[in-house]
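Have a look at the structure below, then the notes.
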Amino acid sequence: MGEIKSMADENRMFPPPKEFVDQAYVKSREEYEKMWKQSVEDPETFWGNLAKDLYWYKPWFKVNREDFAKAEVEWFIGGKTNLSYNCLDYQIEKGKGDKVAIIFQGEPEDDVKKITYKEMLSLVSKFANVLKKKGVRKGDRVAIYLPMIWQLPVAMLACTRIGAIHTIVFGGFSAEALRDRILDAGAKILITANGYWRSGKHVSSKANADKALELCLAEGHTVDKVIVVRRLEDLDVPMKEGRDTWFEDEMAATDIDDVCPAVMMDAEDPLFILYTSGSTGKPKGALHTTGGYMVYAYATVKYVFDIKDTDVYFCTADIGWVTGHSYVVYGPMLNGATSIVYESVPTFPKPDRFWQIIEKFKVNVFYTAPTAVRALMKEGEQWPQGRDLSSLRLLASVGEPFNPEAWLWFHKYIGGEKCPITDTWWQTETGGHMICSLPGAIPTKPGAAGLPFFGVKAVVLKPRSSGDEPAVECDVNEGGELCMARSWPGMMRGVFGDPERFYNTYFIQQPGYYFSGDGARKDEDGYFWLLGRVDDVVNVSGHRLGTAEIEAALNSYEGVAESAVVGFPHDIKGEDLYAYVILKTGVQPSDDLKKALVAHVRKEIGPIASPGKIQFVSGLPKTRSGKIMRRILRKVASGEIDQLGDTTTLADPSIVDEIVAGRQ
């Protein structure tokens, strides 16, 4: 198999400003190392102490038990708690009842709703009683297909209050994708909306929901009840009598009380199912449980975002993804923070919408994705420069490797060169941050994910070519497979309804370890650098190259906004590199520019990494979360145009036609 070659060279370091360090929870690398050592060597004490910050009806008798050989993991064994209680009642008991929990900003500028913790408790309790009236009980699955509106966190917290297992389906997914998730979860109730705003247009959620339920019926599965939020006043939708009711009517019913006691949950009781956006095959339902996820979401928000009582916090992720679960709703509310829920896109009505929201609500902590930063960087720095961003004290990123050029633009034009940037690597499966830079303790390196979070024992292992080969750790700066040597509280407990798939996906690649599926290297300072999915490693003339570094090299060229690199078959090299390149506004594509890009990659990395083909495109096939659908790019590069598969979950399916038409 051989190592994954890593040839990027980035040595700049940015220490946190003294004024940030002075108020940080963790103030130095030495303090971090001491805490990390205790967290992996004595989890009973470390995680036991952290968990005591939260409310438990009954304490655990053992913090952790695991057997990676069997893919068995338990945390806070015997403990009884409730996530909704900790997010709401417990915050009110601590005196935060009148503090704003959620700031909802709709797409229309004047559509703002601020909900305090007391108000949130009343809304959640009412909706929990609505669900109980519909026959929902502990352990039942509830499908939620809502846009980014305030009713979504209300629905989530209502489910967790009564012990129902929610499965949130991203509001931009197709009817077919919704059907698959309802069927797999066995949900008997669906919460949706009549529609929502998207870049000035109305999108009908209900039309997709109705189609999905017809498809479910064809498979022999009936959804008995559908609750519909009236998000758009002037959008009429068909309502099926006996099945469909309006959210607003249900909440206003005279028999619905605004008090609903939280159900006592075992720490290992299921909390939610979230389906990973796998490119092919049956969706994979990551099952998270109550106690460990709760403690981990609380701890990561506290330490990674260094969250303070006065902070206004803005995570731009959709709640339909795990980032939204952990870092729009649950993590911030477990810390008693104020979190913004934003309905629309970063570029409507103008490319300064994020910066306008930061200015309007005086945001202190801003968490977004590198793909969003690159898209906004493409529009030019005049947009952030036209807004007052002085309230910001911390920036954070998620979702993919953060190429240094975009990192530096973010640092300069958004953070004013005064805000630390914490890059975060984690997955749906991990529940929360795994590798990051604690902002007051760790100097950041542009492009590096950073150091392992507390409880995370990360290792980079050499790829194995046979089943009996022992696990071997890679040398410094040698690329390999990123794995975990022990469990952590936020870890998924299985694939819903398919325990064998859990074991076969994560525990057989490197026996005795959790296999992340990502390539990485660890540098001489202990920092981890992500090299992209192991599936995206391209074997060029016997050299296994991670595509993330090649993309970073292309993105560092002055006229390039973003790129994606995949492999395609080559008669001599075995595989060669095919680069899709988006240019900044005003930069014209040309053959000379292609030659300049090849020369630039040769200079930055080396001749072996030179793209064999470059195609200029106006966009990339991305899901609405910003994730590039690389299987489509690989099929196009390989000429397998008739095997592109389902493209309905893309943010803009038409971009695929353009890419196919321009194939090199």
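Here, each number is a calculation from the coordinates, and none is a lab measurement. The model shown is predicted, which means the values in this text are computed figures rather than measured ones. Virtual Cβ from ideal backbone geometry, glycine too; neighbours counted across all protein chains shown.
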* To do: Compute the projected area of the convex hull of the Cα atoms of the range 493-648, averaged over all viewing directions, and report it in nm² to one decimal place.
  => 12.6 nm²
* Structure fact -> extent check for the chain: Cα max minus min per principal axis, descending, whole Å, gives 72, 55, 54
* Structure fact -> Length gained if Arg65 through Ile641 is fully extended, taking 0.36 nm per residue and subtracting the Cα-Cα distance, is 202.5 nm
* Quick one: grab the alpha carbon gyration tensor of the range 566-664, order the square roots of its eigenvalues as a ≥ b ≥ c, and give me rounded if a/c is under 1.5, else prolate or oblate depending on whether a/b is larger than b/c. => oblate
* FRET efficiency estimate (nearest 0.05) - Cβ-Cβ, Arg501 to His202, R0 41 angstrom -> 0.60
* To do: Please give the helix 205-218 orientation as an angle from the longest Cα principal axis of the chain, in degrees from 0 to 90, rounded to the nearest 10.
  => 90 degrees
* Asked: At a Förster radius of 41 Å, what calculated FRET efficiency corresponds to the Cβ-Cβ distance of Thr222 and Arg387, to the nearest 0.05?
  -> 0.25
* **Order by protection proxy (mean Cβ within 10 Å, highest first), peptides 317-325, 17-25, 303-311, 234-242** => 317-325, 303-311, 17-25, 234-242
* Hey, any idea what Rg/Rh is for the range 86-263, computing Rh the Kirkwood way over Cα pairs? -> 0.96
* Structure fact -> From fewest to most C-beta neighbours within 10 Å, the residues Tyr293, Tyr32 line up as Tyr32, Tyr293
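Out of all DSSP beta bridges in the chain, what portion is antiparallel? Express it as a percent rounded to 5.
The answer is about 60 percent antiparallel.
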* Give the distance, in whole Å, between the Cα centre of the range 416-448 and the Cα centre of the range 500-529. => 19 Å
* In debye, nearest 20: dipole of the chain around its Cα centre with unit charges on the Cβ of K, R (+) and D, E (-)? -> 560 debye
* Asked: Which order results if Phe14, Phe272 are arranged by neighbouring Cβ count within 10 Å, fewest first?
  -> Phe14, Phe272
* **Cα lying deepest toward the dipole's positive end in the chain, options Gly586, Leu597, Met264, charges on Cβ** => Met264
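Within 10 Å, count the other beta carbons around each residue, average over each peptide in 431-437, 95-101, and list them highest first.
431-437, 95-101
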* Label-to-label distance, nm, for residues given as Asp98 and Tyr55 (7 Å Cα→Cβ offset) -> 2.0 nm
* To do: Quick one: compute the contact order of the chain, relative version, from alpha carbon pairs under 8 angstrom and 6+ residues apart, as a percent.
  => 14 percent
* Structure fact -> Each label sits 7 Å from Cα toward the beta-carbon; between Glu558 and Glu31 the label points are separated, in nm, by 4.3 nm
* Structure fact -> With the charge dipole of the range 537-661 built from beta-carbon charges (+1 for Lys and Arg, -1 for Asp and Glu) about the Cα centre, the Cα from Val656, Pro607, Ser618 projecting farthest to the positive end belongs to Pro607
* Chain lengthening between Ile608 and Lys114 when straightened (0.36 nm per residue, less Cα-Cα) -> 172.4 nm
* **Over the range 537-661, relative contact order from alpha-carbon pairs under 8 Å, at least 6 apart, %** => 21 percent
* Structure fact -> Note, Ile92: beta-carbon cut-off 11 Å, +1 each Lys/Arg, -1 each Asp/Glu, net 0
* Simple label model, 7 Å out from Cα along Cβ direction - Lys133 to Thr585, nm -> 4.9 nm
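Given a Förster radius of 35 Å and the C-beta distance between Ser465 and Glu72 as r, what FRET efficiency does 1/(1 + (r/R0)^6) yield to the nearest 0.05?
0.80
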* Asked: Are there trypsin sites (Lys or Arg not before Pro) in the range 135-177 that DSSP puts in a loop and that have at most 13 other Cβ atoms within 10 Å, and which ones?
  -> Arg137, Lys138
* Charge dipole (the chain, unit charges on Cβ, about Cα centre) - positive-most of Gly512, Phe247, Gly95 -> Gly95
* To do: Please give the length that would be gained between Glu478 and Lys18 if that part of the chain were fully extended, namely 0.36 nm times their separation in residues minus their C-alpha to C-alpha distance (nm, one decimal).
  => 162.2 nm
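To the nearest 20 debye, what is the magnitude of the charge dipole of the range 587-637 about its Cα centre, counting +1 on the Cβ of each Lys and Arg and -1 on the Cβ of each Asp and Glu?
Computed about the Cα centre, the dipole is about 420 debye.
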* Structure fact -> For 575-582, 129-136, ranked highest to lowest by mean beta-carbon neighbours within 10 Å, the order is 575-582, 129-136
